[in-house]
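Below is one structure, written out as structure tokens; comments come after it.
The values are calculated or read from the model by the stated rules, or taken from the named source; none is laboratory data. Just so it is clear, the structure is predicted and the values come from calculations on it, not from any experiment. All Cβ positions, glycine included, derive from the backbone under ideal geometry; neighbour counts span all protein chains shown.
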């Protein structure tokens, strides 16, 4: 019996890294947006936070697009 | 010759029926957390999942081809064996749906195939080591992989996002959850709809209707996609309730973390060649997300019941598959008996489910009152016993009563 530990290990590693990374990025993006919300409420603007937020979201969108391309090429 | 095409037609219809149960059994995987956190309205969620499943079915035929080309020796397999396997898989799917437990449809299908093969060709036809490496290890690994990832992601999300509140955060998590749930649906469509396509193509090849090594015909792709989408749209509300509310209470951040970890683990595993069951992955990630929040509670009683169902899936479906195969072996009337048995027990299960209806309107009410599941199980045992042949009656009660065993002990805990 041969258990493919390498494949299992890489699935574990990749899942962990990608999940934590994506959630972190997304949470940062959401922080940026809620900072803008607060800033707008006080009549300020938060350009840096908003730009950062959109960069984060763009990265997440790219990850989703990569996921879809994975599904398309090999399910 | 005419008889031959009749059995083929029966196999195709049964395979589509399995596809349908697969769809509504697995709606929960993609949409349970989205529904329970309120990111999408229940009906909208299942509709979206259905559309994506349908789309996924058309994306590729890779999975279907691995099933229909080469995995099984086509010359040795008769359509009856496939039919018997499907009967086992469908009945197990319906039974677990009735008690609201998520279990792997692929395992049910594999179990059915194994049982039917043993009954038709003997023990030697099954490779024990393949069973361990392809079924047992992934089943253990999936919830751990997805669970740990979801746990850490949830922790991080709560630590980082302390200052994230208000409308923007709420909307953001909603969007994120919908996106990752969509990805899970799409992956499910490509994987599971294609399993059915592969089975149908295998049956067509075995029956001589299609040349060996050919791609699935278009009508097969279309009908398999439609069957799984329809099943998804009907929605396995009982399982959605268990997954979304029964295991743990999820907040939007947790729902997002759970769904992201599930989508990642599913894609990573299928891409890296260590296939994991969607059901196991999602259950694990939901539990991980539940544990990741401070003060989050996982209802271990529900988790234990799920685990028992997972362990039983393969042997139970195998038993039914084997029983069905030995009856179909008796001749055409045997096949007819099995078909009637399948329809009768499906109808019985559906009838029992009407006693305690779970649908879009009450899917988010927390755990059912204790005892309902127990009575449902108690009630499910008699009908098959009264339906057909001694051979088959022996098979159904076994899984049903074993699932019931941990139950009497759990209701107090489950009611918390």
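On the basis of being within 22 Å of residue B:39 (Cα to Cα) and in a helix (DSSP H, G or I), does residue B:186 make the cut? Don't jump to the end; show me each part of the working.
Values: within 22 Å of residue B:39 (Cα to Cα): yes; in a helix (DSSP H, G or I): yes.
Taking the combined requirement at face value, the residue satisfies it.
Out of the range B:210-229, which residues are over 11 Å from residue B:193 (Cβ atoms) and touching a residue at least 40 places away in the same chain (Cβ under 8 Å)? Outline the logic, then answer.
Residues of the range B:210-229 that are over 11 Å from residue B:193 (Cβ atoms), as a first pass: B:210-215, B:217-219.
Across the range B:210-229, the qualifying residues are B:212, B:213, B:215.
Taking into account only those residues within the range A:20-35 that are at pLDDT below 85 and more than 7 Å from chain B (Cβ to nearest Cβ), which is surrounded by the fewest Cβ atoms within 10 Å (Cβ to Cβ)?
Taking the candidates together, the pick is A:35.
Can you tell me how many residues in the range B:1-41 are surrounded by fewer than 23 Cβ atoms within 10 Å (Cβ to Cβ) and either farther than 24 Å from residue B:310 by Cα or in contact with a strand residue (DSSP E or B) (Cβ under 9 Å, 6 or more places away or on another chain) (or both)? Step through it out loud before you land on a result.
Residues of the range B:1-41 that are surrounded by fewer than 23 Cβ atoms within 10 Å (Cβ to Cβ), as a first pass: B:1-10, B:13, B:16-17, B:20, B:38, B:40-41.
Right, trim to either farther than 24 Å from residue B:310 by Cα or in contact with a strand residue (DSSP E or B) (Cβ under 9 Å, 6 or more places away or on another chain) (or both) and you get B:1-10, B:13, B:38, B:40-41.
Looking only at that region, the number is 14.
Do we find that residue A:7 is within 9 Å of chain B (Cβ to nearest Cβ), part of a helix (DSSP H, G or I), free of Cβ contacts under 8 Å to residues at least 24 places away in the same chain and surrounded by fewer than 20 Cβ atoms within 10 Å (Cβ to Cβ) in this structure?
On the way: within 9 Å of chain B (Cβ to nearest Cβ): yes; part of a helix (DSSP H, G or I): yes; free of Cβ contacts under 8 Å to residues at least 24 places away in the same chain: yes; surrounded by fewer than 20 Cβ atoms within 10 Å (Cβ to Cβ): yes.
Yes, satisfied.
Check off (1) assigned to a loop (DSSP other than H, G, I, E, B); (2) within 11 Å of chain A (Cβ to nearest Cβ) for residue B:172 and give me the number that stays unchecked.
(1)
Check residue B:205 against each of (1) within 25 Å of the chain's Cα centre (by Cα); (2) assigned to a helix (DSSP H, G or I); (3) buried (at least 19 other Cβ atoms within 10 Å of the Cβ) and name the one condition it does not meet.
Among (1) within 25 Å of the chain's Cα centre (by Cα); (2) assigned to a helix (DSSP H, G or I); (3) buried (at least 19 other Cβ atoms within 10 Å of the Cβ), residue B:205 violates only (1).
Here are B:64, B:9, B:39: which of them is assigned to a helix (DSSP H, G or I) and either modelled with pLDDT of 85 or more or farther than 19 Å from residue B:190 by Cβ (or both)? Spell out the reasoning first.
Numbers: B:64 fails: either modelled with pLDDT of 85 or more or farther than 19 Å from residue B:190 by Cβ (or both); B:39 fails: assigned to a helix (DSSP H, G or I).
The unique qualifying residue is B:9.
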